[in-house]
Every structure is written in C-alpha cells, then in structure tokens.
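**Q** If you scroll down you'll find the structure; I have some questions about it.
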Amino acid sequence: MSKTTNMKDILPAFPEENIDMFAATSVLQQQAAEIRNLNPNWSSYLQSQMISQDVFDFISAYDVTDAKGQFLNSNRPQAAKAFFSLLEHISKESTIQYVLVLIDDLLTEDRSRVEIFHEYALKKNEPVCGNFLNLLNAADGFINNMSARIIAKFACYSTDLINQTDLQFYLNWIKEQLLSANNEYMQSVARCLQMLLRRDEYRTAFISVDGISTLLSILSGRVNFQIQYQLIFCVWVMTFNPRLAERMNKFNVIPILADILSDSVKEKVTRIILAVFRNLIEKPEDSTTSKEHCIAMVQSKVLKQLSILEQRKFDDEDIVEDIQFLNERLQASVQDLSSFDEYATEVKSGRLEWSPVHRSAQFWRENASRLNERNYELLRILVHLLETSRDPLVLSVASFDVGEYVRHYPRGKHIIEQLGGKQLVMQLLSHDDASVRYEALLAVQKLMVHNWEYLGRQLEKDQGTTSDRTALTGKA
C-alpha cells in the first residue's frame, strides 16, 4: 500500500447504512451468521503440522475469549501472523470461511484494527491485501465475497492506499461481479464499492476501468430497489469530486436517474437521486457545466417529477430541502434557456424526439453553423447515433437534423461526408421502419443537392416564369 497525505477525504462525513438492516437482507451476512457457529479443530491442524505452535496458541485462545479486543491489543504481531498463516496453509473451505468471518468481525468492531495487519505486512515487506486478493479466485462464493469485503475495509479504513496494480485487479473483479447474471452476492459487491469510493483517490481509478458505464448499464435494466440505492450511492459519492461531477453527465447519468426517479416508490432511492442531482449542480467549478446539467434535468422531465414530489409528505428534511433547491435552480434555467441550449442538451442526451426546434426553419437558419463548435461535437454525436441507435425515433430525428444542417450550412455536405454521416444515412434507406426510411430519403436528397442557394433561386425563377405565363395566357 502506498502512503497518502490527503487525509481529509479518507472518511468523509457521508451517512452510514444501518448495518443491522443490511445484514438482514445480505446473503453474505446470513451465511456468516451460520459460519460463526463452527468449531474448527485447531489441534488437528497442529498435529498435521499445517500450523505452527504459536499460531495454534493464538487462535485457540482467541477463539474462546470473550475479551477479544483486549486480547488483540496485547497480541498485535501474533494476531496478524496467525490469521495470515491460517489463510496460507489451510485449504479446507469451511475453515477458511471461519477465519475470514473472524477477521471481518474484528474489523467491523474497530476499524483501526486494519493497522494490526498493515504493521505486520510492512515488516514482512508484503502487500497487506495479497492473501485476500488471491482468494477472490477461489471456487467458493462466500470466500470470494468475504475476502472482497475485507479488502474494502483495508482500502477504506487504513491510512495508506492500495497499490495501483492490486487496485486495478480488485476494481475489475468488482465490475465482473456486478455484471454477473443472477449474482446472489450482488448487495455485498455493491457494498464493497460503496466503501471503496468513500476515498477520493479511488474514484478516478474506478472511472478509468469504465466503472461509471458499468453502473449505469445495470441501472438502465431491471434491478431491485436495494441495488438501485447502493449503485446510485456510488454515483453520489463520486460527485463530491468537482472534476468528476463535471464529467458525470457525459455518461448519460441524468436521463437514466430521472427515469428511475419517476418510477421510484422507495424514499431512500428518491433521496439519493435528488442528492446526486444537487451535487451535479453545486459541485462543478465550471458554471457552464452546471447550466448544462440543469438543462439536461429540465429535458429529462425532472421539474415535472419535482412538482409531484412536492405533494408528498417527507419526514426527511434533506429531501424537502433538495426538492426546493432543485426547483429553484431548474426554474431559473428554464428562463435562461435558449433554443440552441435546448437542442444541444437533447443531442448530448442521445434521446432525440420531435421537439419544436427540429422542425423550426428559423432555428436552422440561425444555428446550423453552431453545430461546428467544439470540433463538430454535436455533429459527431448525431453521426454516432445514426450508427449505434436502435430506436426508430432517434434515427428519424437524427437523419432529419443531418439534412437540415446540410441544407442551411454551405459546407455542410462536405463535413457530413468526412464524418461518415452520408454513408450511414444511405444505409437507413433500407431500414425496417417506414418513418426512418422516409427521413433518410429526405436527408439523402438534401445531401445530393450541391447548392441550396442556387436551387432556391431556380425555384423562384421557375415560379416567376409560371406567373408571367399565367398572366399572359390567363391559364394556370
């Protein structure tokens, strides 16, 4: 583990979950309660020379004493040596399970006891998490997940950080477990992540392994309210870092959480989503980003949901305060909202619909060139949607927008071709959905016209010729 000088973020003052409540619903804790009743035969391990005499003396005494805290304080070096030795030299699953429960219990009772293990590992010049990281690959699910829980406590409670190699391995293991179908230990895995992300130093590392996308892909599906709460808690914790709060909605956090908010019937889920939204407005140091987050919330129908929540009675003052704060900020952003702001936020959300700006000729005349800003950011998103979206509505609107951009920006055709948009629109001509085919056809027609200004003059000229002919002949 490497030393860190930034101590203020080690244990920020975030509310703790009620451990008793958590234990009642966690498969891991239910199994741990049964494993505590085991009575390993330590003498047999001594006789077979699987453990040394001093390890036997410690564990057999620790097992029967009621004053475990006092015993640990008096035998700090022996404690760490004994526990590590047991994990290294015993292969019987039930005994490993028992040892892991003992370790987890002593850390739960007093988090400062992580230093007992750290001091010993430092003297041995070994990583404190080494034994537990190895057990993440064990065949037994309880051993995997109890080891993960202990690693999270070492990472969260110690004054030192896990080294980068071990951290990457651990974070990738968490990701795999979260994405595992029908994982009965899902709550325990999420709890490990909740603990880990309480330290600011681990938050960026989690994003670097594509952690946010993992959480949101799970939240976009059907998961129970407890998992929703735990994973959104992880998102919330990360938003306390201003840099991460500024980047967060690039992962489409706001629309996904807004959908959950509209369906949520659990107060704890409502509370944590509102807290995320508040942080996304308050924490970014860039005021433009905060404004964009407000607009994204408005477009995701959060204001409507807030008005519904205002009618409910909440005992939690934080919820009431957050509703009021969000209402004020979102209402203010609506007043300042330009049509281009609205359009840009909609495109960035990836949730295109036939909002008024798309069909407005005035909007395109005034704003087509603005799609070139930030190295064609909005155009690149439209092209990406044409390539990846499976939603007929999104494909229809994106096709229309590409056509309008080409129509109103002189070099639009060339830019769209360079970005690969022309080929993608042409592929949509054979799409299953009739609306997509229609909008793609209109867009292709616009892409094929080389000079809209010339075409406009020709149309006016043709109309003029027709009018003259009608005046002369009296025939329409």
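The values are calculated or read from the model by the stated rules, or taken from the named source; none is laboratory data. All values derive from a computational prediction rather than experimental measurement. Neighbour counts run over all protein chains shown; Cβ positions are idealised from the backbone, glycine included. Surface accessibility is based on the protein's heavy atoms, side chains included, excluding ligands, DNA and RNA. Shrake-Rupley method; radii C 1.70, N 1.55, O 1.52, S 1.80 Å.
**Q** Which FRET efficiency value, to the nearest 0.05, is calculated for Ser60 and Val265 with the Förster distance at 41 angstrom and r the Cβ-Cβ distance?
**A** Efficiency at R0 = 41 Å is approximately 0.20.
**Q** Could you pull the accessible area for Tyr409 with a 1.4 Å probe, rounded to 10 Å²?
**A** Roll a 1.4 Å probe over it and Tyr409 shows about 50 Å².
**Q** Here's another thing I want to ask about it. With θ set to phi - 60°, apply the Karplus curve 6.51 cos²θ - 1.76 cosθ + 1.60 along the stretch 301-313 and write out the HN-Hα couplings as whole Hz, x wherever there is a Gly or Pro.
**A** 6, 5, 4, 4, 5, 4, 5, 5, 5, 4, 7, 8, 9
**Q** Once both axes come from the Cα atoms, what is the angle between helix 434-448 and the longest principal axis of the chain, in degrees from 0 to 90, rounded to 10?
**A** 60 degrees
**Q** Here is a follow-up. Mind listing the phi-derived Karplus ³J(HN,Hα) values for the stretch 242-258, rounded to whole Hz, using 6.51, -1.76 and 1.60 with θ = phi - 60°, and x for any glycine or proline?
**A** x, 5, 6, 4, 5, 8, 4, 6, 5, 8, 6, 4, 5, x, 5, 5, 5
**Q** So for the pair Ser355, Arg312, with labels modelled 7 Å out along Cα→Cβ, what separation do we get in nm?
**A** Simple spin-label model gives 2.6 nm for this pair.
**Q** Cut-off 18 Å, label point 7 angstrom out along Cα-to-Cβ of Val334: give me the residues of the stretch 279-316 whose amide nitrogen falls inside.
**A** 291-312, by backbone N distance to the label point.
**Q** In addition: Among the listed pairs Lys268/Lys348; Lys266/Lys313; Lys153/Lys283; Lys153/Lys250; Lys153/Lys266, which have their C-alpha atoms separated by more than 20 angstrom in this model?
**A** Going by Cα-Cα distance, Lys268/Lys348; Lys153/Lys283; Lys153/Lys250; Lys153/Lys266 fall outside the 20 Å limit.
**Q** Using Cα pairs under 8 angstrom and six or more residues apart, how large is the relative contact order of the chain, in percent?
**A** Relative contact order, the chain: 9 percent.
**Q** By average Cβ neighbour count within 10 Å, what is the ranking of 303-314, 120-131, 342-353 from highest down?
**A** Those peptides, ordered most packed to least, come out 342-353, 120-131, 303-314.
**Q** While we're on this one: Where does helix 339-349 land angle-wise versus the long Cα axis of the chain, in degrees 0 to 90, nearest 10?
**A** Computed tilt is about 40 degrees.
**Q** Something else: Quick one: if you stick a label point 7 Å off each Cα along the C-beta vector at Lys250 and Glu109, how many nm between them?
**A** Inter-label distance under the simple model: 4.7 nm.
**Q** Just the number: Rg to Rh for the chain, Cα atoms, Kirkwood Rh, two decimals.
**A** We get a ratio of 1.14 for the chain.
**Q** Right, next: Just by accessible area at a 1.4 angstrom probe, what is the order of His358, His431 from largest to smallest?
**A** Result of the area sort, largest leading: His431, His358.
**Q** How many percent of the accessible area of the chain is carbon or sulfur, using a 1.4 Å probe?
**A** 48 percent
**Q** How large is log10 of I(q)/I(0) for the stretch 117-219 at q = 0.12, 0.18 Å⁻¹ when the intensity is taken from the Debye formula with one equal scatterer per alpha-carbon?
**A** At q = 0.12, 0.18 Å⁻¹ the computed log10 ratios are -0.37, -0.84.
**Q** Send over a whole-number figure in Å² for the accessible area per residue of the stretch 221-361, probe 1.4 Å.
**A** 46 Å²
**Q** Could you grab the relative contact order for the stretch 210-337? Cα pairs under 8 Å, six or more apart, rounded to a whole percent.
**A** Relative contact order of the stretch 210-337: 26 percent.
**Q** Rounded to whole Hz and in sequence order, give me ³J(HN,Hα) for the stretch 261-268 from the Karplus expression 6.51 cos²θ - 1.76 cosθ + 1.60, θ = phi - 60°, writing x for Gly and Pro.
**A** Using θ = phi - 60°, the values come out as 4, 5, 9, 5, 10, 9, 4, 5 Hz.
**Q** Leaving out ligands, DNA and RNA but keeping every protein chain, what accessible area does Asp63 have, in Å² rounded to the nearest 10, with a 1.4 Å probe?
**A** Rounded to the nearest 10, that gives 40 Å².
**Q** Looking at the stretch 251-301, which GluC sites (Glu not before Pro) are in a loop (DSSP not H, G, I, E or B) and have at most 10 other Cβ atoms within 10 Å?
**A** Glu285
**Q** If r is the Cβ-Cβ distance from Glu119 to Arg380 and R0 is 41 Å, what FRET efficiency results, to the nearest 0.05?
**A** Efficiency, rounded to the nearest 0.05: 0.20.
**Q** Roughly what angle does helix 225-238 make with the longest principal axis of the chain, taking Cα atoms, 0 to 90 degrees, to the nearest 10?
**A** 80 degrees
**Q** Subtract the Cα-Cα distance of Gln362 and Asn137 from 0.36 nm times their separation in residues, and report this length gain in nm to one decimal.
**A** Residue separation times 0.36 nm, minus the Cα-Cα distance, leaves 74.9 nm.
**Q** Using a 1.4 angstrom probe on the protein heavy atoms only, could you order Trp173, Trp354 from most to least accessible area?
**A** So, going from the largest accessible area down, we get Trp354, Trp173.
**Q** So what's the back-of-envelope 222 nm ellipticity for the chain, counting only DSSP H runs of four-plus at -39500 (n - 2.57) apiece and dividing by all residues, rounded to 500?
**A** Calculated from helices alone, the mean residue ellipticity at 222 nm is -22000 deg cm²/dmol.
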